[in-house]
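Encoded as structure tokens, the structure appears first; notes follow it.
The values are calculated or read from the model by the stated rules, or taken from the named source; none is laboratory data. No experiment lies behind these values; they were computed from the predicted model shown. Positions of Cβ are backbone-derived with ideal geometry, glycine not excepted, and every protein chain shown enters the neighbour counts. To get the accessible areas, we keep the full protein, side chains included, count just its heavy atoms, and leave off ligands, DNA and RNA. Shrake-Rupley method; radii C 1.70, N 1.55, O 1.52, S 1.80 Å.
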Amino acid sequence: MTDAVWLREAADGALVLMLHIQPGAKKTEFVGLHGEAMKVRLAAPPVDGKANAALCAFLAEFCGVPKSAVTLVSGETSRAKRVRVAGAGAGAAARLRNAGRLTRPVRHLRSAEPVDGR
């Protein structure tokens, strides 16, 4: 079992990821936590399934599994997605957990007060 809320291990050993996707970014990367999901920036545009295909390819490469082992469980047309990665070993789960720990969470502005006190 994993300690990250966004990363779960299914009964069959597959990993299930809860992700928040930002398509059309400059580069594809893990960004940090966005609520209870991991935020991922994708360089692909959200057109004709290109972002979903890029997400599956990125996760397959990151986890060291074939593209066919990564499937979109839910969120085909949404930014909130659940993705299943079959055949990912303990090393892939550890890399994913570290991606969540090493990046800073997405933060919101605390107030609209001026910085200089005016």
- [ ] Return the total of residues in region 59-85 being of a type outside the set (A, V, I, L, M, F, W, C) and in a strand (DSSP E or B).
- [x] 5
Task: Check on residue 43, open to solvent by less than 70 Å² (accessible area, probe 1.4 Å) and modelled with pLDDT under 95 - done: yes
Task: Residue list for region 76-90, filter: of a type outside the set (A, V, I, L, M) and within 22 Å of residue 36 (Cα to Cα) - done: 76, 77, 78, 79, 81, 82, 84
Open item on the list: Of everything in region 1-52, what is part of a loop (DSSP other than H, G, I, E, B), under 17 Å from residue 91 (Cβ atoms) and not hydrophobic (A, V, I, L, M, F, W, C)? Give them in sequence order.
Closed with: 2, 3, 13
- [ ] Report the residue count in region 65-118 for those that are modelled with pLDDT under 55, open to solvent by 60 Å² or more (accessible area, probe 1.4 Å) and among the β-branched types (Val, Ile, Thr).
- [x] 1
TODO: Would you point out the residue of region 21-40, among those that are closer than 17 Å to residue 60 by Cβ and in contact (Cβ under 8 Å) with a residue 24 or more places away in the chain, that is most open to solvent (accessible area, probe 1.4 Å)?
DONE: 28
